[in-house]
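Each remark here refers to the structure printed beneath this line.
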Amino acid sequence: MNDYLKYFDKFTFIIIIIISLFGILLICSVSQSLDQPYYLKQLLWLSVSLIVFFIVLRIKTEFVFRSSLFLCIVLSIILVIQLVAGQIIGGTKSWIKFGFIAIQVSEFIKIPIALYVANILSKTKIIGWFIFCKLMFLLGIPFLLIAMQPDLGTAFILTSFVIISIFLKRIKLSIIFISIMFVIIGSFLSWNYVLKPYQKNRIVSFFNPEKYSQSSGYQIIQSKIAIGSGGLSGKGFLKGSQSQYKFLPTRHTDFVVSVLGEEFGFIGISFLFLFFFILFYRQFNFKSQTDREFYFVYLFNFLILFQFSINILMSIGLFPILGVPLPFVSYGGSSLLSFFIGEAIIFKIKINNYLNI
């Protein structure tokens, strides 16, 4: 136990806690104008996440990697059941309810996918057609199941595994060219036969939000107003007009950074960016002993970076609104817990490297 405490990455852990508490502070602010004390729920989820974090920290990484495919299959089956018999909450079948607790299964499937993709990448030198098809099959099933809920934001985040895999490994050029062709064809078919009208409106309004200021462009406009009105130092805690007077929708989830910009200004956003930069710097600079551990560290932390980037770009109007929360900050117990579980595995990998086990 003393060895665990000695080699436990305390500094990075503190950074994650600070970011999470920063999120609770912002959720506390917007909760004043909401019908529920979401900040108390998020505080409870943070407590649960910390307990689970230290439980996962005691599990052997070998067992975690071996169990990854099994967990992918189990969670995919649950996603199928969810589609068939799930309860619609907020317009999607993304949740499973246990009394007063709602669990979003799609958040947790990211972890075993990252583990199994790390296994695959560690056993290949170049991504050929067989490996590529294997990856597409592994990612395609949960992607489609989640998109059918419909939760395009979470489904889109899974594409981060493909992006980082291409950067981490060499890939045949023929795969890239044919994949681009399939993306173009798939986009055409999705636009005409898959996307619902409100999803199309979100994309169209992204290019000209002012034209749709009373409908799908409303969120983007209000988010920009909130961030811009904060100026250098912000209007002050609980003093944001867009968030406190309910002009800004989903301000405790997708647009929580807009609340930060309005109430704490450029300085507040800069501090949050600084903490995330430290987190990514420390995690990406870690040297692991085995290839699969290295790939998992990069896959999971790139997923966080990817989701972080999409949320920020969404909030300032540089990316279509997909309903992607800000990691560790936005309200959402399932999201917070899944990130803490993934980071617990990474922290355990770090400890193992120091102990040479």
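Looking only at the stretch 50-69, how many residues end up being farther than 12 Å from Ile111 by Cα and either surrounded by 17 or more Cβ atoms within 10 Å (Cβ to Cβ) or of a type outside the set (Val, Ile, Thr) (or both)? Please lay out each step first, then the result.
Restricting attention to the stretch 50-69, the residues satisfying the condition of being farther than 12 Å from Ile111 by Cα are 50-63, 66.
Narrowing further to those that are either surrounded by 17 or more Cβ atoms within 10 Å (Cβ to Cβ) or of a type outside the set (Val, Ile, Thr) (or both): 50, 53-54, 56-58, 60-63, 66.
Within the stretch 50-69, residues that are farther than 12 Å from Ile111 by Cα and either surrounded by 17 or more Cβ atoms within 10 Å (Cβ to Cβ) or of a type outside the set (Val, Ile, Thr) (or both) number 11.
Residues in the stretch 296-329 that are in contact with a Leu (Cβ under 8 Å, 6 or more places away or on another chain), aromatic (Phe, Trp, Tyr) and surrounded by 21 or more Cβ atoms within 10 Å (Cβ to Cβ): 4 in all.
Listed residues Ser270, Ser233; which is surrounded by fewer than 18 Cβ atoms within 10 Å (Cβ to Cβ), without any contact (Cβ under 8 Å) to a residue 12 or more places away in the chain and either hydroxyl-bearing (Ser, Thr, Tyr) or assigned to a loop (DSSP other than H, G, I, E, B) (or both)? Lay out the reasoning, then the answer.
Working: Ser233 fails: without any contact (Cβ under 8 Å) to a residue 12 or more places away in the chain.
Answer to the check: Ser270.
With respect to the conditions (1) farther than 23 Å from Gly261 by Cα; (2) touching a helix residue (DSSP H, G or I) at 6+ places or on another chain (Cβ under 8 Å); (3) among the polar types (S, T, N, Q); (4) modelled with pLDDT of 80 or more, Ser47 falls short on a single one, namely (2). Close contacts from the stretch 77-91, counting a first residue that is at pLDDT below 90 and a second that is assigned to a helix (DSSP H, G or I), with Cβ to Cβ under 7 Å and a gap of 6+ residues or different chains, come to Gln82/Val105; Leu83/Leu145. The set of residues in the stretch 238-265 being modelled with pLDDT under 90, farther than 25 Å from Ile203 by Cβ and either in a loop (DSSP other than H, G, I, E, B) or small (Gly, Ala, Ser) (or both) consists of Leu238, Lys239, Gly240, Ser241, Ser243, Tyr245, Lys246. Look at the stretch 112-123: where a residue is free of Cβ contacts under 8 Å to residues at least 24 places away in the same chain and a partner is surrounded by fewer than 24 Cβ atoms within 10 Å (Cβ to Cβ) and among the acidic types (Asp, Glu), sitting 6+ places away or on another chain with Cβ atoms under 9 Å, you get Lys123/Asp291. Ser216 meets the conditions (1) outside any helix (DSSP H, G or I); (2) at pLDDT 85 or above in every case but one. The failed one is (2).
Residues of the stretch 273-306 that are β-branched (Val, Ile, Thr) and assigned to a helix (DSSP H, G or I): Ile278, Val297, Ile304.
The values are calculated or read from the model by the stated rules, or taken from the named source; none is laboratory data. Because the structure is a prediction, the values reported are computed rather than measured. Backbone-built Cβ (ideal geometry, glycine too); neighbour counts: all protein chains shown.
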